[in-house]
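This report concerns only the one structure given below.
The values are calculated or read from the model by the stated rules, or taken from the named source; none is laboratory data. Computed from a predicted structure; not experimentally measured. Heads up, the Cβs are rebuilt from the backbone with ideal geometry, glycines too, and the neighbour counts pull from every protein chain shown. Areas reflect the complete protein model, heavy atoms only, side chains present, ligands, DNA and RNA absent. Shrake-Rupley method; radii C 1.70, N 1.55, O 1.52, S 1.80 Å.
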Amino acid sequence: MSLNIVGKSVPRADAREKVTGTALYIDDLRFPRTLYLKVLRAGIPHAKIKNIETKEAESIPGVLKILTGKTIGIDPEHFYGTCIFDQLPIAFNKVRHSGEIVAAVIAESEKTALAAVEKIEVDYEELPFVLDPVDSIAEGAPLIHEKNGEYKHLPTFTPVPNSNIFFGYNLKKGNYDRVFDGADIYVEGEFEYPLVNHVAMEPHGAIAHWDLAGNLHLWSSTQAPFVVREVLAGYLNLTMNKINIHVPSGGLGGGFGGKSDYNIEPLVALCARFVPNYYLKFQLTREEVFIGTVLGRGLKGYMKIGAKKNGAFVGIECSQYYADGAYADTSCNVVLAGGHNCTGPYFFPNCNLKSFGVYTNTVPVGAMRGYGHPEGQFMVERLIENLALKLGIDSRKLRMKNFLKPGDTNSLNQPIFEHNGNVRECFQRVVDSLNETPLPGSNATHYYGRGFAALVKSPVQTANASSNVFLKVNEDLTVSISIGGVEMGQGALTVLAQLAAEKLQFSLDKIRINPEINTQITPWEWQTVASMTTMRVGNAILIACERAIEQFKVNASFHFQCDISQLNYNGKAINYKDKEFPLEKLVLGYQYPDGHTEGNPIQAVGSSVVRNVTLPDSRTGQYHPYEWTFGAQGCDVSIEKSTGIIKVLHFVTALDVGKVINPATAKGQIYGGVMMGLGHTLMEKIEYDTKGRMKTVNLRRYRIPKLSDMPEKFSCIFVETPQPDGPYGARPIAEHSAVAPPAAILNAIQNATGISFTKIPITSSVMVEALSRRK
């Protein structure tokens, strides 16, 4: 198929607004009659609230209202959520993590609200707390939720009453109770992936307004406006047609999963009810994002692999414990994804894989770029490296021997087909790319090492997820398309416009994807998550384009007086035999010479619903999560012996993307994902003090990669095995490059030093200490 726009690196549709600072985000919005919300947070990880004194704070001029769990009018038995309903918008009688909100101040200015917050006094009865997921399930651990097991929850997510386990998932395949029968050799290990923060450029924010007719208007920096609407409708007992969730035209200043689901919106909406017809703004600081929104990762795990002497894998056993914080709802699917993705892109005949979501007195965990994939695949890739050493086999050959291939089944017992992608080609391309430059030999000052890892990514989404679009052809033959997907830096507005232009055979400048979202008029979208925008929204756009073309033909059939099957469309006109009629005369229907009109304006809808996605089987845990993307990564590293400073010299990523829609934006996604994975591997970690309070509350204490930390060389390779149901063969790629950097970098460190690390991050001080111990 010859393509004119798809596959080209066209400029981003929103580039001018972004680089000039004119793109509008939540904090840029201005409304008349605006009030400000600020909150008091607990400051201790686990306690009963005995009393909250607000009188002095209420006496400050400009303070309109101070609300607590007792005065805000909530039913303490009425919780909100989507998977497990265990949360209230503000603490009632008890706090479960140090960043939990205990009081909210509404004032005429932020300064006044903050001054009032300082005057609120809370009397607590402190309780024992637990931060570690393994400690949290130990006998005698403090119970964080006494009602665990009583909360409303979806059938898939099964809590364990009288414990801190809110969900346990067990995936079984083959001889799951005799996983290692026939194995000659084993490797095993315990692993840790720390809690980390998303560090999106834009902090969370929301503005709520109740009009005098009782309608709620809420502007939010959310990846999931329709989920927010659903949660608010259920919690506030509103019909959905009275709720308008808006995402501004700038979209989000980054999300990475930290703005999916819901967060501060229920509290802002509830507080705004006390000041009807005012606009109530709640803009978080960077510190509040750290201590009071959601985190990512946070795993302690054990894994064991058995193999034959020739290197063929026999079985795998794994137990994963996720420190999912004080509330469970936003982390349920992380536990599920971690359970079935920990085998990586390898064939294991026998699997017994367990994963547990555990309450801890920490910030709740939510979605984070590729959630459930980096954690488990970090473990399996490190063990494969050690298994190769134990067998005396080159780890590259060991991987090649055991990669999934057509005819194999993955951990979920799904058959693998040719069209799922080619992990072997991806891996070989990574090996070849690194081999182009010989690895330096270690010397008096530096060690040098080379490491590899492979990856697989599946979207974790609800079984009825869908994307929907509205398409309108304007009188001047420009096209306006409304979508429910959120632009948050990934380049969706650009890529989706390319797909529409290609299908309609229009120039790209004629296509505009509307960046603003209002749930009253925007078509429904589950969430902008799981790397599914290009694939799912893209398919919906192609369907709408096909319907628009069909409508052009219907309108033209009145002119030519023929059946539409005899007509052809070429992007400029409708052709019939050797005649043609211009499209611009068909946009509003076909008008006869006497003025009467037949046909209709060119407007179309398109829907793309995921098919054949199922829920986990209650006995085996097996289910169908839709499609897969395979890939591989590798790197060269240097390690300075005296300081332990680790530098990534060359990082290579190869993904089977099906079809690249825009190479420039695709590479941007790959590079960003690698840098996020590099940060998790070498520097990022949420830390708490001995009193259960977070220490890493700003970007001075929580280090993220800088330009100086970037690899000296990036290589990005796209393999294209078309996805049969993807737009022009494309499949998801956005999160994938964040999956394997921890394993690839640690494998390179082991190759350089012989030291096998099983927990991250490997900071320079950790590296120096390990080198000292080795000596």
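For a label point 7 angstrom out from the Cα of Lys308 toward its Cβ, which stretches of segment 168-183 have the backbone nitrogen within less than 15 Å? Inside the label zone: 180-183. The 3J(HN,Hα) values that the Karplus relation (6.51, -1.76, 1.60; θ = phi - 60°) gives for segment 393-409 are, in residue order, 10, 4, 4, 5, 5, 4, 5, 4, 5, 10, 4, 4, 9, x, x, 6, 10 Hz. Gly and Pro appear as x.
Structural descriptor for the chain: relative contact order 15 percent, calculated from alpha carbon pairs under 8 angstrom and at least 6 residues apart. Length gained on full extension, Asp408 to Asp177, computed as 0.36 nm times the residue gap minus the Cα-Cα distance: 81.1 nm. Extending 7 Å from Cα along the Cβ direction at His78 and again at Arg773 yields two label points whose distance is 5.4 nm. Give me the dipole magnitude in Debye, nearest 20, for segment 628-727 about the Cα centre, with unit charges on the beta carbon: positive for Lys and Arg, negative for Asp and Glu. About 640 debye. Label-to-label distance, Glu108 versus Asn215, with points set 7 angstrom from Cα along the beta-carbon direction: 3.0 nm. Where only DSSP H runs of four or more residues are counted, the chain gives -7000 deg cm²/dmol as its mean residue ellipticity at 222 nm, each run worth -39500 (n - 2.57). Computed over segment 1-153, the P(r) tail beyond 28 angstrom holds 45 percent of alpha carbon pairs.
Other residues within the sphere of radius under 10 Å centred on the Cβ of Asp123, judged by their own Cβ, net out at -1 (K and R +1, D and E -1). Residues in segment 286-293 carry Karplus couplings, in order, of 4, 4, 5, 4, 5, 8, x, 10 Hz; the curve used is 6.51 cos²θ - 1.76 cosθ + 1.60 with θ = phi - 60°, and Gly or Pro positions show x. Given their separation in residues at 0.36 nm each and the Cα-Cα distance between them, Lys585 and Phe417 gain 55.8 nm when the chain is fully extended. In this calculation the C-beta distance from Met240 to Thr158 is compared with R0 = 22 Å, giving a FRET efficiency of 0.15. What segment 676-724 shows is 54 Å² of accessible area per residue, with the surface traced by a 1.4 Å probe over protein heavy atoms.
Would you be so kind as to identify which of Leu280, Leu567, Ala492 lies farthest towards the positive end of the dipole of the chain, taking Lys and Arg as +1 and Asp and Glu as -1 on Cβ and the Cα centre as origin? Checking the options against the dipole of the chain, the answer is Ala492. Placing dummy labels 7 Å off each Cα toward the beta-carbon, the span from Arg273 to Asp563 is 6.0 nm. Here the scattering of the chain is modelled by Debye summation over its C-alpha atoms, one equal scatterer each and no solvent; at q = 0.08, 0.09, 0.11 Å⁻¹ the log10 of I(q)/I(0) is -0.69, -0.87, -1.23.
Charged neighbours of Asn4, selected by a Cβ distance under 13 Å, balance to +1 (K, R count +1; D, E count -1). Between Glu598 and Lys55, the FRET efficiency estimated from the beta carbon spacing at R0 = 60 angstrom works out to 0.25. Assign unit charges at the C-beta atoms only (+1 for Lys and Arg, -1 for Asp and Glu), then state the dipole size of the chain relative to its Cα centre in Debye, rounded to the nearest 20. Dipole size: approximately 1340 debye.
The shape of segment 611-719 comes out oblate: with a ≥ b ≥ c from the C-alpha gyration tensor, a/c is at least 1.5 while a/b does not beat b/c.
Just the protein heavy atoms count here, and of the accessible area of segment 147-210 at 1.4 Å, carbon and sulfur take up 50 percent. What the Cβ-Cβ distance of Arg693 and Val609 gives, at R0 = 51 Å and to the nearest 0.05, is a FRET efficiency of 0.65. Each residue of segment 179-195 was assigned a 3J(HN,Hα) from its phi angle through the Karplus curve 6.51 cos²θ - 1.76 cosθ + 1.60 (θ = phi - 60°); the sequence is 4, 9, 4, x, 7, 9, 8, 9, 9, 8, x, 10, 9, 9, 10, x, 5 Hz, with glycine and proline shown as x. Per residue, the convex hull spanned by the Cα atoms of segment 13-78 amounts to 231 cubic angstrom. Considering only His78, Val719, Asn420, the residue lying farthest towards the positive end of the dipole of the chain is Val719, judged by Cα position with unit charges set on Cβ. Highest mean packing first, where packing is the average number of other Cβ atoms within 10 Å per residue, the peptides 307-313, 680-686 line up as 680-686, 307-313. Most tightly packed first, judged by the mean number of other beta-carbon atoms within 10 Å of their residues, the peptides 401-409, 360-368 read 360-368, 401-409. Taking the average, over residues, of other Cβ atoms within 10 Å as the packing measure, peptides 435-442, 11-18 rank 11-18, 435-442 from highest down. Shown here for segment 539-643: trypsin sites (Lys or Arg not before Pro) in loop regions (DSSP other than H, G, I, E, B) with at most 11 other Cβ atoms within 10 Å, namely Lys577, Arg611, Arg619.
Net charge of the neighbourhood of Glu720, taken over other residues with C-beta under 11 Å away and scored Lys/Arg +1, Asp/Glu -1, is 0. Rolling a 1.4 angstrom probe over the protein heavy atoms with all chains in place gives segment 465-609 an accessible area of 41 Å² per residue.
Counting only the Cα atoms, segment 465-609 fills a convex hull of 109 Å³ per residue. Counting protein heavy atoms only, segment 465-609 has 47 percent of its accessible area on carbon and sulfur, 1.4 angstrom probe.
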